[in-house]
Amino acid sequence: MAAKLKKGDKVVVLAGKDKGKEGEIAQVMPKANKAVVDGINIAVRHERQSQSSQGGRTPKAMPIDLSNLALLDANGKPTRVGFRTEDGKKVRFAKTTGDVI
């Protein structure tokens with residue numbers, strides 16, 4: 001199945017502790033059905049000090065399930081994604097406005 005959400009898409013969180021927050025997808029993991037969004041689902045990870053790094057507590061964006069994300073359309077509202085063919089190519093479009101993404 002084609003990916004409805006891709007790297008670089010602007011999304012809004014629909015459920016969870018970060019509900020309502022917006023961000024950009026940094027990485028998509030299709031097999032796990034998850035995505036990493038910049039500034040969303042932040043957890044603190046502890047790093048051991050080494051010669052190259054100082055160590056300490058570093059915030060890290062953790063994966064969030066794709067079902068909890070919705071694409072933002074041109075108006076800045078959450079939308080679902082559909083597929084259609086234009087000029088022999090399969091394109092994604094926003095269900096709310098009908099615009100090609």
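The values are calculated or read from the model by the stated rules, or taken from the named source; none is laboratory data. Keep in mind that what you see is a predicted model, and the values were worked out from it rather than measured. Cβ: placed from backbone, ideal geometry, glycine included. Neighbour counts: every protein chain shown. Side chains are part of the model used for accessible areas, which takes the heavy atoms of the whole protein and leaves out ligands, DNA and RNA. Shrake-Rupley method; radii C 1.70, N 1.55, O 1.52, S 1.80 Å.
Looking at the structure I just gave you, is A35 touching a helix residue (DSSP H, G or I) at 6+ places or on another chain (Cβ under 7 Å) and either under 26 Å from D99 (Cα atoms) or part of a strand (DSSP E or B) (or both)? Show your work before the answer.
Numbers: touching a helix residue (DSSP H, G or I) at 6+ places or on another chain (Cβ under 7 Å): yes; either under 26 Å from D99 (Cα atoms) or part of a strand (DSSP E or B) (or both): yes.
For A35, the condition - touching a helix residue (DSSP H, G or I) at 6+ places or on another chain (Cβ under 7 Å) and either under 26 Å from D99 (Cα atoms) or part of a strand (DSSP E or B) (or both) - is met.
Restricting to the stretch 57-66, and then to whatever is charged (D, E, K, R) and within 27 Å of A3 (Cβ to Cβ), can you tell me which residue is least open to solvent (accessible area, probe 1.4 Å)? Working first, answer last.
First pass over the stretch 57-66, keeping only residues charged (D, E, K, R): 57, 60, 65.
Checking which are within 27 Å of A3 (Cβ to Cβ) leaves us with 60, 65.
Values: K60: 108, D65: 44 Å².
Here the answer is D65.
In the stretch 39-63, the residues that are over 30 Å from K19 (Cβ atoms) form Cβ pairs under 7 Å with partners that are open to solvent by 50 Å² or more (accessible area, probe 1.4 Å) and assigned to a loop (DSSP other than H, G, I, E, B), at six or more places apart or across chains, as follows: G55/R48; G55/Q49.
For the stretch 7-17, a residue qualifies if it is farther than 16 Å from A74 by Cα and free of Cβ contacts under 8 Å to residues at least 40 places away in the same chain, and the qualifying residues are K7, K17. Remark: pairs (first residue in the stretch 73-101, outside any loop (DSSP other than H, G, I, E, B); second residue open to solvent by 80 Å² or more (accessible area, probe 1.4 Å) and of a type in the set (G, A, S); Cβ separation under 9 Å; 6+ apart in sequence or on different chains) = A94/A74.
Residues are listed down the side, and each one gets a yes or a no for (1) at pLDDT below 95; (2) open to solvent by 70 Å² or more (accessible area, probe 1.4 Å); (3) within 21 Å of R92 (Cβ to Cβ):
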site: A3; (1), (2), (3): yes, no, yes
site: V11; (1), (2), (3): no, no, yes
site: G16; (1), (2), (3): yes, no, no
site: I25; (1), (2), (3): no, no, yes
site: P30; (1), (2), (3): yes, yes, yes
site: V36; (1), (2), (3): no, no, yes
site: I42; (1), (2), (3): no, yes, no
site: Q51; (1), (2), (3): yes, yes, no
site: G55; (1), (2), (3): yes, no, no
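Among the residues of the stretch 40-63, those identified as hydrophobic (A, V, I, L, M, F, W, C) and in a strand (DSSP E or B) are I42, A43, V44, A61.
Of all the residues that make up the stretch 1-32, how many are touching a Leu at 6+ places or on another chain (Cβ under 8 Å) and assigned to a loop (DSSP other than H, G, I, E, B)? Full working, then the answer.
So the first thing to find is which residues in the stretch 1-32 are touching a Leu at 6+ places or on another chain (Cβ under 8 Å), and the list is 4-5, 9-14, 22, 25, 28.
Next, only the ones that are assigned to a loop (DSSP other than H, G, I, E, B) stay: 4-5, 9, 14.
Matching residues across the stretch 1-32 total 4.
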